[in-house]
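The values are calculated or read from the model by the stated rules, or taken from the named source; none is laboratory data. For clarity, every value in this text was computed on a predicted model and none was experimentally measured. Here the Cβ positions follow ideal geometry from the backbone for every residue, glycine too, while neighbour counts run over all protein chains shown.
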Amino acid sequence: MDTPVKVIDFGFVNAYLLETGDRFVLIDTGIGQQWRRLENELRRAGCLPGKLELVLVTHGDFDHTGNGARLQREYQAKVAMHRDDVAMVKTGVTTDRQTRGLAARLLWLAGTVLRRGSPFATFEPDILLEDGQSLDSYGLKATVYHTPGHTKGEIAILTSQGQLFTGDTVSNNSGRVAVAPFVDDFAQLRASVAVLKGMKAKVVYPGHGKPFGAEALMAVEV
């Protein structure tokens, strides 16, 4: 039986709430300005303070980590991420990225404006994740994979049922599955996409856009 997944669509970025028995695991958090919506979705699902076992951050960008500090404080949740992106959440400073093409550059500039208008509560993660780490001890039958490229500390999470959460390594904006438009390292991104393609995924849950089938992942080019 697949792990129940609730998609929390913030309009331009996603978070995912996974049921693990009578507790929950959250993947990504949205931006701080959307706290009320996140809290409403958590409560509607029955995820009350004290029931959030773990918050998995796919990478350090503000639109995925903006509610990390508040979840630690108000939900007593432990936040987990890869060590290579910790500086971003400790300082609130987003690392610069390469872009490919005019559309990507314009999107990066728009994101820069949004970041400046979005207050970010810095925090220290509770858990540093490693490549190949099992999440069984948190009630989730899943494995963490380090997939750098979009950021140095990007991770993907693959459940034992084949549900793959990719963060921003791939997206599905406007029905087009593609790699991240902002890249820390193109060679690493290419290698990470190859790793994702080698996984036995059934459904892919991207950081941006709607979930899609594994066949669309296999067609992605870097």
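One residue stands out among those in the range 126-137 that are crowded, with 18+ Cβ neighbours inside 10 Å and over 14 Å from LEU26 (Cα atoms): the one that is nearest to the chain's Cα centre (by Cα), which is LEU129.
Yes or no, residue by residue, for (1) of a type in the set (Lys, Arg); (2) in contact with a His (Cβ under 9 Å, 6 or more places away or on another chain); (3) surrounded by fewer than 23 Cβ atoms within 10 Å (Cβ to Cβ):
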{"site": "GLY162", "(1), (2), (3)": "no, no, yes"}
{"site": "GLY167", "(1), (2), (3)": "no, yes, no"}
{"site": "ARG176", "(1), (2), (3)": "yes, no, yes"}
{"site": "VAL204", "(1), (2), (3)": "no, no, no"}
{"site": "HIS208", "(1), (2), (3)": "no, no, yes"}
{"site": "ALA214", "(1), (2), (3)": "no, no, yes"}
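Residue check: GLY30 meets all listed conditions (1) surrounded by 23 or more Cβ atoms within 10 Å (Cβ to Cβ); (2) under 14 Å from LEU56 (Cα atoms); (3) out of contact with any Phe, Trp or Tyr (no Cβ under 7 Å at 6 or more places or on another chain) but one, namely (3). Within the range 187-202, the only residue that satisfies the criterion of being farther than 14 Å from ILE155 by Cα, among the hydrophobic types (A, V, I, L, M, F, W, C) and either in contact with a helix residue (DSSP H, G or I) (Cβ under 7 Å, 6 or more places away or on another chain) or modelled with pLDDT under 95 (or both) is ALA201.
Scan the range 74-123 for residues that are modelled with pLDDT under 85 and in a strand (DSSP E or B) and the total you get is 1.
Remark: pairs (first residue in the range 4-20, hydroxyl-bearing (Ser, Thr, Tyr); second residue surrounded by fewer than 14 Cβ atoms within 10 Å (Cβ to Cβ) and part of a strand (DSSP E or B); Cβ separation under 9 Å; 6+ apart in sequence or on different chains) = TYR16/VAL7.
Considering only residues that are touching a residue at least 40 places away in the same chain (Cβ under 8 Å), farther than 18 Å from TYR138 by Cα and in a loop (DSSP other than H, G, I, E, B), which ones fall in the range 30-60?
ILE31, HIS59, GLY60
Among residues that are in contact (Cβ under 8 Å) with a residue 24 or more places away in the chain, within 15 Å of the chain's Cα centre (by Cα) and either farther than 19 Å from THR95 by Cα or part of a strand (DSSP E or B) (or both), LEU140 is not included.
Residue under question is SER137, and the condition is that it be at pLDDT below 90 and among the hydroxyl-bearing types (Ser, Thr, Tyr); does it hold? Taking the combined requirement at face value, the residue does not satisfy it. For the range 147-155, the condition holds for at least one residue, the condition being that it is over 17 Å from ALA15 (Cβ atoms), charged (D, E, K, R), modelled with pLDDT of 95 or more and surrounded by 15 or more Cβ atoms within 10 Å (Cβ to Cβ). Taking the criterion of being farther than 23 Å from SER171 by Cβ and in contact with a helix residue (DSSP H, G or I) (Cβ under 8 Å, 6 or more places away or on another chain), the only residue of the range 1-23 that qualifies is THR20. When the residues of the range 10-27 are filtered to those that are on the phi < 0 side of the Ramachandran plot and assigned to a loop (DSSP other than H, G, I, E, B), the one that is surrounded by the fewest Cβ atoms within 10 Å (Cβ to Cβ) is ASP22.
Screening ALA178, ALA214 for residues that are free of Cβ contacts under 8 Å to residues at least 60 places away in the same chain and either of a type in the set (Asp, Glu) or under 29 Å from GLY32 (Cβ atoms) (or both) leaves exactly one candidate, ALA178. The criterion of being at negative phi, in a loop (DSSP other than H, G, I, E, B) and either crowded, with 20+ Cβ neighbours inside 10 Å or touching a residue at least 40 places away in the same chain (Cβ under 8 Å) (or both) does not hold for VAL193.
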